[in-house]
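The values are calculated or read from the model by the stated rules, or taken from the named source; none is laboratory data. Remember, predicted model here, so these are calculated numbers, not experimental data. In this analysis, Cβ positions are derived from the backbone assuming ideal geometry, glycine residues included, and neighbour counts consider all displayed protein chains. Accessible surface areas use protein heavy atoms only, side chains included; no ligands, DNA or RNA. Shrake-Rupley method; radii C 1.70, N 1.55, O 1.52, S 1.80 Å.
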There are 2 protein chains.
Amino acid sequence: MKLPSAKLPMKQRILETADRLFYGRGIRAVGVDTVAAEIGISKRTLYNHFPSKDALVLAYLERRLQPLPDSDRPPLEQILGTFDRLGRSFGTAEFRGCAFVNAVAELGEESAAVRDLAIEFKEARRLWFRGLLDRLGIADPDGLATQLALLVDGAIAAFLVRRDPAMALAAKDAAMALLAQAGARQAPADR
Amino acid sequence: MKLPSAKLPMKQRILETADRLFYGRGIRAVGVDTVAAEIGISKRTLYNHFPSKDALVLAYLERRLQPLPDSDRPPLEQILGTFDRLGRSFGTAEFRGCAFVNAVAELGEESAAVRDLAIEFKEARRLWFRGLLDRLGIADPDGLATQLALLVDGAIAAFLVRRDPAMALAAKDAAMALLAQAGARQAPADR
DNA sequence: TCATTGATACACCGATCTGTGTAATTAGTA
DNA sequence: TACTAATTACACAGATCGGTGTATCAATGA
């Protein structure tokens, strides 16, 4: 149990702990008392930094909206590498699915803001795929990007239930088949 | 708001209402008081039929473990028809993702029984795919069945967030591409 | 007619939830 | 030293949660 250093700014400490608990156990399953107790601060202090639990939940999800890797490796390698990274995530004990999908499934219609963040996250990844497919000169980069994103989401959902890391490999195999069918070649970056 | 007829057996009425509420709003978000009030019965009556909320939740999920359609249509048509049915589900206002994935995402480690039911559900659909792929004479029916199941789960997760029914079409396109690459032919049932 | 069964209303339990009010305490700084 | 700002402990509010106890009432069938 790695606790955030007491030296860090309070807001950051709260966010890190909220992330660990909300993601690991679920948003509704974790109360603000639990978050505060886990850091060793009073509930009052937590509420001095976030006006409500809803605000804390949104901040937790916003923190997970990180920019995607901007590598200079070949596009095909980057695309397939996504599934390898996914497989490595499956191997960690902390992995518990997609934080955004889980939040939407848990909160449903109750929070439009949560859903907007989830859409933003999903669309960012889809566009990341599409940018790489563009460089590969694929015929329908938009459609294929959606399909690749579908495979990622499917692998995550399937793993969440089955806990079988092979789901990442199955998704990668499917991605390779789709890419091959679309005419992706090995080193197509510049020609 | 269609309420189950008061003529139906009490247990069935409870289950139908629990299904509608648990699936529509989430398990943790709906209390037993709400379920009883929605039917117009006392909480006591509900507890006379189910010993606990956990038992009610399990019964709700078990009721969703229905056998998959056993059609005599061509295998390829049945497989692709799955994605058409999915697309039609997306069009309904009630659709809120996969009840089993949502339950696991919501309850997480807290209920092994829920996860077991979810695994059973997912595996049944995967085996249904595999049986059809067997009849198509596909080289690796097991692997392709997993990939098709991944596409279904991915489309559901993506739709849950984006609310875009086109996710079903994207999954169907990907499925067709995978099937074509695997050598599935139009009318391969008997030769 | 009488006994049984199931449903009813309703109060209640202890626990937990988000959120607030308040007064004391700490630490840094002018 | 004196002021300020953050954090503390702690009680409390009002709601909701899952679950129970109990006494009454209505329908059924022997």
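Below is a table of values for the structure above.
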| quantity | calculated |
| --- | --- |
| Qualifying positions in the range A:27-64 - touching a Ser or Thr at 6+ places or on another chain (Cβ under 7 Å) and within 9 Å of DNA strand D (Cβ to nearest atom) | A:36, A:39 |
| The range A:30-40, subset in contact with a helix residue (DSSP H, G or I) (Cβ under 7 Å, 6 or more places away or on another chain) and away from DNA strand C (no atom under 11 Å from the Cβ), residue least open to solvent (accessible area, probe 1.4 Å) | A:39 |
| Where a residue in the range B:32-49 is under 14 Å from residue B:19 (Cα atoms) and part of a helix (DSSP H, G or I) and its partner, wherever it lies, is near DNA strand C (Cβ under 6 Å from one of its atoms) and of a type in the set (S, T, N, Q), with Cβ under 9 Å and at least six apart | B:36/B:42; B:36/B:45; B:39/B:45 |
| From A:175, A:182, A:166, A:139, residue being of a type outside the set (Asp, Glu), open to solvent by less than 10 Å² (accessible area, probe 1.4 Å) and either at the interface with chain B (Cβ under 7 Å from one of its Cβ atoms) or out of contact with any strand residue (DSSP E or B) (no Cβ under 7 Å at 6 or more places or on another chain) (or both) | A:175 |
| Odd one out for residue A:27 among (1) within 16 Å of DNA strand C (Cβ to nearest atom); (2) hydrophobic (A, V, I, L, M, F, W, C); (3) within 30 Å of residue A:133 (Cβ to Cβ) | (3) |
| Residues of the range B:84-109 classified as surrounded by 15 or more Cβ atoms within 10 Å (Cβ to Cβ) and within 11 Å of another protein chain (Cβ to nearest Cβ), total | 13 |
| Candidates A:19, A:116, A:84 - the one that is away from DNA strand D (no atom under 16 Å from the Cβ) and outside the structural domain of residue A:145 (by TED's automatic domain parsing) | A:19 |
| Qualifying residue in the range A:68-75 (condition: outside any loop (DSSP other than H, G, I, E, B), within 15 Å of DNA strand D (Cβ to nearest atom) and not β-branched (Val, Ile, Thr)) | no |
| Conditions (1) over 27 Å from residue B:13 (Cβ atoms); (2) buried (at least 19 other Cβ atoms within 10 Å of the Cβ); number of the one not met by residue B:73 | (2) |
| Members of the range A:89-134 that are basic (Lys, Arg) and in contact (Cβ under 8 Å) with a residue 12 or more places away in the chain | A:96, A:122, A:125, A:126, A:130 |
| Residue list for the range B:41-51, filter: at pLDDT 90 or above, surrounded by fewer than 15 Cβ atoms within 10 Å (Cβ to Cβ) and closer than 13 Å to residue B:10 by Cβ | B:44, B:45, B:48 |
| Number of positions in the range A:56-67 that are more than 8 Å from DNA strand C (Cβ to nearest atom) and open to solvent by less than 30 Å² (accessible area, probe 1.4 Å) | 4 |
| The range A:145-166 residues that are in contact (Cβ under 8 Å) with a residue 60 or more places away in the chain, paired with ones that are of a type in the set (D, E, K, R) and outside any helix (DSSP H, G or I) (beta carbon under 8 Å, 6 or more apart) | A:160/A:96 |
